Amino acid sequence: MTATADRGAARVPVHGLTVLYDAECGLCTHLRDWLGRQPQLVPLELVPAGSAEARRRFPDLDHRATLDEVTVVGDAGQVYRDTAAWIVVLWALRQHRPLAHRLSTPAGARLARGAVLAAAWWRGGQGNGEPFRRIDGWEYEPGIGWIYDPPGCTGGTCATR
(Lines give C-alpha, C1' and ligand atoms only; values in the text may rest on other atoms or scores of the structure.)
Protein backbone atom coordinates (compact mmCIF):
# COMPACT_ATOMS: atom_id res chain seq x y z
CA MET A 1 0.00 0.00 0.00
CA THR A 2 1.36 3.43 -0.90
CA ALA A 3 1.29 6.42 1.41
CA THR A 4 -1.35 8.07 -0.77
CA ALA A 5 -3.77 5.13 -0.94
CA ASP A 6 -7.21 5.61 0.61
CA ARG A 7 -6.80 4.67 4.26
CA GLY A 8 -10.48 3.82 4.71
CA ALA A 9 -12.93 6.50 5.76
CA ALA A 10 -15.00 3.88 7.60
CA ARG A 11 -12.26 3.53 10.25
CA VAL A 12 -11.93 7.28 10.83
CA PRO A 13 -14.22 8.84 13.45
CA VAL A 14 -15.00 11.95 11.38
CA HIS A 15 -18.38 11.57 9.71
CA GLY A 16 -19.05 15.23 8.85
CA LEU A 17 -17.21 18.54 8.69
CA THR A 18 -18.40 22.13 8.91
CA VAL A 19 -16.28 24.60 6.95
CA LEU A 20 -16.49 28.18 8.23
CA TYR A 21 -15.69 30.64 5.43
CA ASP A 22 -15.69 34.42 5.06
CA ALA A 23 -18.87 35.21 3.08
CA GLU A 24 -17.53 38.69 2.19
CA CYS A 25 -14.36 37.35 0.56
CA GLY A 26 -14.54 36.67 -3.19
CA LEU A 27 -11.84 34.00 -3.05
CA CYS A 28 -13.53 32.34 -0.06
CA THR A 29 -16.94 32.22 -1.74
CA HIS A 30 -15.36 30.90 -4.95
CA LEU A 31 -13.77 28.08 -2.93
CA ARG A 32 -17.09 27.48 -1.13
CA ASP A 33 -18.83 27.05 -4.49
CA TRP A 34 -16.03 24.77 -5.73
CA LEU A 35 -16.28 22.61 -2.60
CA GLY A 36 -20.02 22.31 -3.07
CA ARG A 37 -19.49 20.83 -6.54
CA GLN A 38 -16.91 18.23 -5.48
CA PRO A 39 -17.81 14.58 -4.78
CA GLN A 40 -17.45 14.18 -1.02
CA LEU A 41 -16.41 11.11 0.96
CA VAL A 42 -17.19 13.02 4.16
CA PRO A 43 -20.12 15.48 3.99
CA LEU A 44 -19.14 19.15 4.17
CA GLU A 45 -21.45 21.83 5.53
CA LEU A 46 -20.47 25.31 4.43
CA VAL A 47 -21.40 28.00 6.97
CA PRO A 48 -20.44 31.69 6.91
CA ALA A 49 -17.87 32.44 9.60
CA GLY A 50 -19.09 34.75 12.35
CA SER A 51 -22.73 34.25 11.32
CA ALA A 52 -25.57 33.67 13.77
CA GLU A 53 -25.65 30.05 12.58
CA ALA A 54 -21.92 29.58 13.27
CA ARG A 55 -22.27 31.15 16.73
CA ARG A 56 -25.28 28.97 17.54
CA ARG A 57 -23.52 25.79 16.47
CA PHE A 58 -20.13 26.54 17.97
CA PRO A 59 -20.55 28.90 20.95
CA ASP A 60 -17.06 28.17 22.31
CA LEU A 61 -15.17 29.16 19.15
CA ASP A 62 -13.39 32.49 18.78
CA HIS A 63 -15.61 33.68 15.92
CA ARG A 64 -13.49 36.74 15.21
CA ALA A 65 -10.55 34.41 14.54
CA THR A 66 -12.66 32.29 12.17
CA LEU A 67 -12.93 35.34 9.90
CA ASP A 68 -9.13 35.58 9.76
CA GLU A 69 -8.26 31.94 9.14
CA VAL A 70 -10.16 29.05 7.65
CA THR A 71 -11.65 26.92 10.41
CA VAL A 72 -13.17 23.47 10.05
CA VAL A 73 -15.11 21.73 12.82
CA GLY A 74 -15.61 17.97 12.88
CA ASP A 75 -18.84 16.32 13.98
CA ALA A 76 -17.22 15.18 17.23
CA GLY A 77 -15.95 18.68 18.07
CA GLN A 78 -12.53 18.48 16.41
CA VAL A 79 -11.29 21.93 15.38
CA TYR A 80 -8.87 22.34 12.48
CA ARG A 81 -7.35 25.71 11.62
CA ASP A 82 -5.05 27.11 9.01
CA THR A 83 -3.07 24.46 7.07
CA ALA A 84 -4.67 21.53 8.92
CA ALA A 85 -8.10 22.85 7.94
CA TRP A 86 -7.22 22.85 4.23
CA ILE A 87 -5.76 19.36 4.45
CA VAL A 88 -8.81 17.92 6.24
CA VAL A 89 -11.13 19.51 3.66
CA LEU A 90 -9.13 17.93 0.83
CA TRP A 91 -9.25 14.64 2.77
CA ALA A 92 -13.06 14.84 2.70
CA LEU A 93 -13.14 15.08 -1.11
CA ARG A 94 -13.18 11.93 -3.23
CA GLN A 95 -10.76 13.18 -5.88
CA HIS A 96 -8.41 14.96 -3.49
CA ARG A 97 -7.96 12.48 -0.62
CA PRO A 98 -4.66 11.15 -2.05
CA LEU A 99 -3.37 14.75 -2.22
CA ALA A 100 -4.43 15.30 1.40
CA HIS A 101 -2.41 12.25 2.43
CA ARG A 102 0.65 13.59 0.60
CA LEU A 103 0.20 17.03 2.18
CA SER A 104 0.01 15.48 5.65
CA THR A 105 3.65 14.32 5.39
CA PRO A 106 6.43 16.63 6.66
CA ALA A 107 7.46 17.59 3.12
CA GLY A 108 3.85 17.98 2.00
CA ALA A 109 3.02 20.12 5.03
CA ARG A 110 5.61 22.70 3.90
CA LEU A 111 3.95 22.85 0.47
CA ALA A 112 0.48 23.11 2.03
CA ARG A 113 1.68 25.89 4.33
CA GLY A 114 3.01 27.80 1.33
CA ALA A 115 -0.34 27.48 -0.45
CA VAL A 116 -2.21 28.70 2.64
CA LEU A 117 0.16 31.66 2.99
CA ALA A 118 -0.29 32.54 -0.70
CA ALA A 119 -4.08 32.45 -0.33
CA ALA A 120 -3.86 34.59 2.80
CA TRP A 121 -1.65 37.06 0.96
CA TRP A 122 -4.21 37.41 -1.85
CA ARG A 123 -7.09 37.53 0.58
CA GLY A 124 -5.25 40.06 2.74
CA GLY A 125 -4.88 42.61 -0.02
CA GLN A 126 -1.48 41.51 -1.33
CA GLY A 127 0.37 42.45 1.79
CA ASN A 128 -1.17 45.83 2.57
CA GLY A 129 -3.06 44.42 5.55
CA GLU A 130 -6.52 45.20 4.18
CA PRO A 131 -8.59 42.33 2.79
CA PHE A 132 -10.13 42.44 -0.65
CA ARG A 133 -13.86 42.75 0.05
CA ARG A 134 -16.80 42.80 -2.35
CA ILE A 135 -18.25 45.83 -0.61
CA ASP A 136 -15.06 47.76 -1.50
CA GLY A 137 -15.36 46.81 -5.18
CA TRP A 138 -13.10 43.74 -5.30
CA GLU A 139 -14.28 40.58 -7.02
CA TYR A 140 -12.43 37.31 -7.57
CA GLU A 141 -12.95 35.90 -11.06
CA PRO A 142 -11.68 32.33 -11.59
CA GLY A 143 -9.16 32.23 -14.41
CA ILE A 144 -8.54 35.98 -14.22
CA GLY A 145 -7.88 36.75 -10.57
CA TRP A 146 -8.84 39.84 -8.60
CA ILE A 147 -10.76 42.59 -10.40
CA TYR A 148 -11.38 46.02 -8.94
CA ASP A 149 -14.63 47.75 -9.88
CA PRO A 150 -14.93 50.69 -7.49
CA PRO A 151 -18.27 51.39 -5.85
CA GLY A 152 -20.32 54.10 -7.57
CA CYS A 153 -19.79 57.69 -6.70
CA THR A 154 -22.64 59.46 -4.97
CA GLY A 155 -23.14 63.21 -4.76
CA GLY A 156 -20.16 63.86 -7.01
CA THR A 157 -17.62 62.32 -4.61
CA CYS A 158 -15.86 58.99 -4.85
CA ALA A 159 -14.29 56.95 -2.09
CA THR A 160 -10.51 56.58 -2.37
CA ARG A 161 -8.29 53.88 -0.99
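If amide H atoms are built 1.01 Å from N in the plane of the peptide, which residues on other chains or at least 5 residues away come under 5 Å of the amide H of Val79?
Result for Val79 returns Gly74.
Tell me, in nm to one decimal, what length is gained between Leu41 and Ala65 on full extension, where the rule is 0.36 nm per residue of separation less the Cα-Cα distance? Please report the intermediate quantities before stating the final value.
Working: separation 24, 0.36 × 24 = 8.64 nm, distance 2.76 nm.
Stretched out fully, the Leu41 to Ala65 stretch lengthens by 5.9 nm.
Kindly report the accessible area of the stretch 22-82 per residue (heavy atoms of protein chains, probe 1.4 Å, no ligands, DNA or RNA), in Å². Spell out each step's value before the answer.
Numbers: 3230 Å² over 61 residues.
On a per-residue basis, the stretch 22-82 sits at 53 Å².
Extension gain Ala107-Asp33, at 0.36 nm per residue separation less the Cα-Cα distance, in nm? Please report the intermediate quantities before stating the final value.
Numbers: separation 74, 0.36 × 74 = 26.64 nm, distance 2.89 nm.
Length difference between fully extended and current span is 23.7 nm.
The values are calculated or read from the model by the stated rules, or taken from the named source; none is laboratory data. The shown structure was predicted, so the numbers you read here are calculated from the model rather than taken from an experiment. Please note that ligands, DNA and RNA were not included when accessible areas were found on the heavy atoms of the full protein model with its side chains. Shrake-Rupley method; radii C 1.70, N 1.55, O 1.52, S 1.80 Å.
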